[in-house]
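Asks: Take a look at the following structure, please.
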Amino acid sequence: MAMLELENVHSYYGNIHALKGISLTVDEGEIVTLIGANGAGKSSTLRTISGILHPKRGSVKFEGKNLTEYPAHQVVGLGISQVPEGRGVFARLTVRENLEMGAFVRTDKEGINEDIEKGFALFPRLKERQNQVAGTLSGGEQQMLAMARALMARPKLLLLDEPSMGLAPILVDSIFQTIVDINKTGTTILLVEQNALMALQTAHRGYVIQTGEIVLSDSAVALQSNEMVQSAYLGH
Amino acid sequence: MKAQTFDVKSVFKLGGLGGFTLLYLSLVGLVSNFVTRDVISKTMSLSFAFVIITTFLFGYLTARRTSRRNWFYAVGGGVMSGAIGIACLIILVLLTAPLNLQAVFVNASPALIKVLTFGKEPFTAGLLPLTGWAVVSSLTGAMVYMLPPNIRRAVIAGVVAVIAIGTLAQLLSDVVENIFALLGNKRASGALLKIFFAKKGLSVSGAAIIFVLTILVSAFSAWRKQIVAAKEQSGAAQTQTPKEIKIAVWIVSLLVILLLPNIFGSYLSEIVVTVAIYTLMGFGLNIVVGFAGLLDLGYVAFFAIGAYTMALLTSNQMGQTTELVNTGLSFWAALPISIGVAVLWGIILGVPVLRMRGDYLAIVTLGFGEIIRVLALSNFLQPKIGGAQGILGIAKPVVFGYELVSSQQLYYLVVAAALLAAYVSWRMRDSRAGRSWMAMREDEDVAEAMGINLIKTKLLAFATGAAFSGFAGAIFAAKLGSIYPASFNLLVSINVLSLIIVGGIGSLPGVVIGAVALVGLPELLREFSEFRMLIFGALLVGMMLFKPEGFWPAAAQKRELHEFESEEVEAHPASEAA
C-alpha cells in the first residue's frame, strides 16, 4: 500500500478551481517529484496534503488514515512535515529557537536536543549560526534551516516546496544532495519543483502537473527523455 | 582629503534648527511662563534653563558634525551654531514691538522680552548677556562632545540629574523628609534639606553636590563595567554576584516596596497606584499584542467589563438607583467573578475574529471597545447599569478587617496584583503557550504546520489579556468607589498600547517602564498644565526617533532593529566624505 495516496482531489480558492482531480501516490522510501510551471497547482497540492487547504472532493490518505479529517495542526503529528515555499523561517527567532519550534509536537527533551545536533551535522553552517536570528541568514542558510526544522518533528514524509527557489546554482546542488542524504536515512520525500532538471535527476519517480491536472507520470529517468517534458521544462 | 574641511553647511543647518527650537519654545510660552520657577534657586529659572539647554544641545550636535577630532573645528562649530540660534531669538525680541507680533503670537509678549533680556532697560541692553550665555552654553556643549566618551557620558548624566532634580525639587524634598521621618530623625532631615533645597528649586550647593556626585557615580559604574569586560575577555570565570549581595538586594527592594507609600506621601502614592493599574493592563495587552501579535485596539472593553461587574456586584446603591438587586458581595468575592466575566467576553470577542489579522483585527476590536462604552452609556441599559450617571457606592477591599481606602493603602493591593501579573506573564512567555504565541506572531501558516493549534492559541491570548484587564478594571472600580462610562473611552486603549510600545513591545520590564513614562510622567508634570501634553508629545517623538525598539526591548525586537547598526556606523563617515 502506498504511504500517501491522493485520489481525484479537487481544491478551490473561493471560486478558483485550483486542483482538478489530482491523483498521485508516494511509496515508502521514495523521492517523488511534482514538476510544473507557475500556477499549475504544485503548491496547492502540498497545501491540500498538509491540511491548510481543504479539498471539496476526493480523498487524501496517509498510511490508511483519511487526512482530510484532520485539522492542519494535527497533520504534523501523523508524521508529515512541510518545508514551505519561500522558506517561512521565524525571522525574529534564533536558529536554535526555530529548530525547537519544529519539535513543537514532541515533548522528549533529550531526543529533541539529539535531533538538533543531527540537524547541525547535516548542515554545519547552522551550528555556526545557532544563536543568530533567522532573518539575518542568507537565502541558502534559510532553506537549510527550514529543512532542518521540518526534520525536527521526525517525519515519515517530508514535503518540500521549491527548495531551489532563489538560490545560487552551487547551493542548489548541495541542497539536492542533502535531499538525497535525508532520503537515505529513511525519510520519504515529496518534492515540488520548477527546476525540473534537478528534480528529475534527484527523484525516483515524477509527476507533471499542468493547470491543476496531472498530465504525465513515469519514472524520473523516463520523464527526462520524454519529448514533452524536454521541450516544456528542460528547454531542449 | 575633503573630510578634513570645516562643515559650514551643518553649522548653518543645526544653528537654524536650534534657532527654530528657541523661537518655538518662546512662542508657545514655555519661556515666559516659568520665570518664577527656579531650577537652581535664584540662579537659574526654568525659563532660562529652556534657553541654555537648547543652545547646549545644539552646540553638542554641531560639534558632532564638524569636529573631525579637531578641537578648533568643534569649538568653532559650536559657537557659530549657538550664535546663529540666538540671533533668531534676538530678531524675535527686536521685531516684537514694531510688528506687534503679539496680535498673532499671544506669547510674544512684553513678559517674554523681559525674561530674555533679564529685565534690563532699555531692553536692547539685555541682549548682550543673553547672547553671552547662549554662546557660552553652546561652546560648553561643543567641548563636552570633545571629552573622552566615558567622561562625556558622566558630565551629561550630571547635567540631566541637576535639571531633573531641580525641576522636581518640591516633590523630592518631600520624599527626603518622609524618609527621615520614617527613620525618626527630623533634625537631620532639616539640615540635609537645607543643604540641597532652597525655598524654590535646588540650592546652589545642592546643585553642585548633585552634579559632582552623579559624575562620580557614572564614572565609577563605567570603570566597573570596563573591569568586568576585561575580566571576561581574559577568560576568567564568569563574574557572579555573591549570594549575600543578591539576598541583600532582594531584602532592600522588598523593604522599599513595603515602605514606598510612606516615603512617597499621598500625592506620589496616588500616581503610583494609577501607574500600577496601567501596568497591570499593560501586562495583559503585552500578551495579546507583544507575544501573540494580535493588534487589539479595544482593550478598554475588558477593563470596563471588569469594572462594571465589580460595581454591579458590590455597590450598596443597587436597587435604589437601578433595577438590579443589591447582592452586596465583598470585593474579594466579586473579584474572581469580575475576572471570569472579562475572560468570557475575551473569548466571545476572540471567536469571530479568529480568521482576522493585522489592520482588520484592529478595526474590529476598536469597534468592540466602542460598543461596550456606548452600551454602558445607553438609555437602553440605563435602568440596569445607570447610564451616564454610572454606579456609586462600590465596596472597598477589606483586608484582615482593615478597609483599604486611601491610595497609600490601596497601593499594596495594586502592586501585589501587578507583581502577580508580571509573574504569570513571565512564566507563560517561557511555556509552550508562549512559544506558540511567538510562532503564530511570526507566521500563522508555518506555525500551524509545526503543529500549533491556532484557535486554542489565539483564544488563550485573548482570554489571558482580558483577565488582566478585568482585574485592573475591578481594582479601578473599587479604588474610585464610583464608575462612569466616560472613564472607559478609546484613549485608555491607546494609552495602554502606547505604553507597551514605548517600553519595548513584548518586553516585561518594558511594560513597567512604559507605564511610568506614559502614565506617571504626565502626572508628575501636572504643574506644567497646558504644556504637559506638549512636552510629553515631544518626548514620545524623540523616543521613537532615537530608540524605536522601546526603552527596554525584548530580545527579538532589539535584534530586529539593531542588526545593521554596526554596518551603519561604519558606513557613516564614508557617506560624509563622498
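Asks: Given labels modelled 7 Å from the Cα in the Cβ direction, how far is it in nm from residue A:168 to residue B:406?
Replies: Placing both labels 7 Å beyond Cα along the Cβ direction yields 7.2 nm.
Asks: Quick one: in the protein assembly as shown, what % of C-alpha pairs are over 44 Å apart?
Replies: Within the protein assembly as shown, distances greater than 44 Å cover 47 percent of Cα pairs.
Asks: Given a Förster distance of 56 angstrom, what is the FRET efficiency for residue B:182 paired with residue A:117, based on the Cβ-Cβ distance and rounded to 0.05?
Replies: My answer for the efficiency is 0.45.
Asks: Using a Förster distance of 60 angstrom, determine the FRET efficiency expected from the C-beta separation of residue B:399 and residue B:546, and round it to 0.05.
Replies: After rounding to 0.05, the efficiency reads 0.85.
Asks: A further question on this structure: Which order do the peptides B:347-359, A:216-228 take when ranked by the mean count of other beta-carbon atoms within 10 Å per residue, highest first? Can you show the working numbers first?
Replies: Details: B:347-359: 13.7, A:216-228: 15.5.
Highest mean packing first, the order is A:216-228, B:347-359.
Asks: Turning to a different aspect of this structure: So what J values fall out for the range B:371-376 if you push phi through Karplus, 6.51 cos²θ - 1.76 cosθ + 1.60 with θ = phi - 60°, rounded to Hz, Gly and Pro as x?
Replies: Once rounded to whole Hz, the list reads 4, 4, 5, 5, 4, 4.
Asks: Once you have a ≥ b ≥ c as the square roots of the Cα gyration tensor eigenvalues for the range A:33-178, tell me rounded if a/c is under 1.5, and otherwise prolate or oblate according to whether a/b is larger than b/c. Before the final figure, lay out the partial values.
Replies: Details: a/c = 2.10, a/b = 1.30, b/c = 1.62.
Oblate is the answer for the range A:33-178, as a/c is 1.5 or above yet b/c matches or exceeds a/b.
Asks: So how do B:68-77, B:17-26, B:174-183 stack up, highest first, on mean other-Cβ count within 10 Å?
Replies: Result, highest mean Cβ count within 10 Å first: B:17-26, B:68-77, B:174-183.
Asks: Determine the relative contact order of chain B: mean sequence separation of Cα pairs under 8 Å and six or more apart, normalised by residue count, in whole percent.
Replies: Here the relative contact order equals 14 percent.
Asks: I want to check the label-to-label distance for residue B:526 and residue B:168. Put each point 7 Å from Cα in the C-beta direction and report it in nm to one decimal.
Replies: For residue B:526 paired with residue B:168, the spin-label model returns 1.5 nm.
Asks: Now, a different point. Helix B:71-99 versus the longest principal axis of chain B: what angle, 0 to 90°, nearest 10, using Cα atoms?
Replies: 80 degrees
Asks: Right, next: Per-residue Cβ counts within 10 Å, from other chains only, averaged over A:98-109: what number is that?
Replies: On the way: counts 4, 0, 2, 10, 5, 2, 9, 3, 1, 1, 0, 0.
Averaged over the peptide's residues, the number is 3.
Asks: Order of A:42-50, A:100-108 by packing, highest average Cβ count within 10 Å first?
Replies: A:42-50, A:100-108
Asks: Could you state the number of Å between the C-alpha centres of the range B:104-127 and the range B:171-235?
Replies: Cα centroid of the range B:171-235 versus Cα centroid of the range B:104-127: 37 Å apart.
Asks: Amide H neighbours of residue B:197 under 5 Å, at least 5 residues apart or on other chains, H built in the peptide plane: list them.
Replies: It is B:203, by chain and number.
Asks: Cα extents of the range B:135-273 along the three principal axes, largest first, in whole Å?
Replies: For the range B:135-273, the Cα spread along each principal axis is 51, 50, 29 Å.
Asks: Would you please give the FRET efficiency between residue A:181 and residue A:7, computed as 1/(1 + (r/R0)^6) with r the Cβ-Cβ distance and R0 = 25 Å, to the nearest 0.05?
Replies: On the way: r = 31 Å, r/R0 = 1.25.
The pair residue A:181/residue A:7 has a calculated efficiency of 0.20.
Asks: Just flag the chymotrypsin sites (Phe, Trp or Tyr not before Pro) in the range B:294-401 sitting in loop per DSSP whose Cβ has no more than 13 other Cβ atoms within 10 Å.
Replies: Sites meeting the loop and neighbour criteria: B:380, B:400.
Asks: With viscosity set to 1.567 mPa s and temperature to 4 °C, compute the Stokes-Einstein D of the range B:376-427, Rh being the Kirkwood radius across alpha carbon pairs; µm²/s, no decimals. Could the numbers behind the result be given before it?
Replies: Working: Rh = 13.8 Å.
Value of D from the Cα-based Kirkwood radius: 94 µm²/s.
Asks: Give me the extension gain from residue B:91 to residue B:257: residue separation times 0.36 nm, minus the current Cα-Cα distance, reported in nm with one decimal.
Replies: The residue B:91-residue B:257 span can extend by a further 54.5 nm.
Asks: Same structure again: Taking chain B as the reference, fit the longest principal axis to its C-alpha atoms, fit the long axis of helix B:432-442 to the helix C-alpha atoms, and give the angle between the two in degrees, 0 to 90, nearest 10.
Replies: With rounding to tens, the tilt is 60 degrees.
Asks: How many partner chain Cβ atoms sit within 10 Å of a residue's Cβ in peptide B:434-440, on average, as a whole number?
Replies: Across the residues of B:434-440, the mean count of other-chain Cβ atoms within 10 Å is 3.
Asks: In addition: Restricting to the protein assembly as shown, what percent of DSSP beta bridges are antiparallel, rounded to 5?
Replies: 60 percent
Asks: While we're here: For the range B:211-358, report the convex hull volume of the alpha-carbon atoms normalised per residue, in Å³, without decimals.
Replies: 253 Å³
Asks: Within 10 Å of each Cβ of A:71-78, how many other protein chain Cβ atoms are there on average? Don't jump to the answer; show the numbers that get you there.
Replies: Working: counts 4, 8, 12, 3, 3, 5, 1, 1.
If you average over the peptide's residues, the count of other-chain Cβ atoms is 5.
Asks: Would you report the distance distribution of C-alpha pairs in the range B:265-565 as whole percents per 20 angstrom bin, up to the bin with the largest distance?
Replies: Answer for the range B:265-565: a P(r) of 34, 57, 9, 0 percent.
Asks: On a 0 to 90 degree scale, rounded to 10, what angle separates helix B:532-546 from the longest Cα axis of chain B?
Replies: 80 degrees
Each reported figure results from applying straightforward, stated rules to the coordinates on display, with no laboratory input. Since we're looking at a predicted model, the values are computed, not measured. No Cβ is skipped: glycine too gets one built from the backbone with ideal geometry, and neighbour counts run over all protein chains shown.
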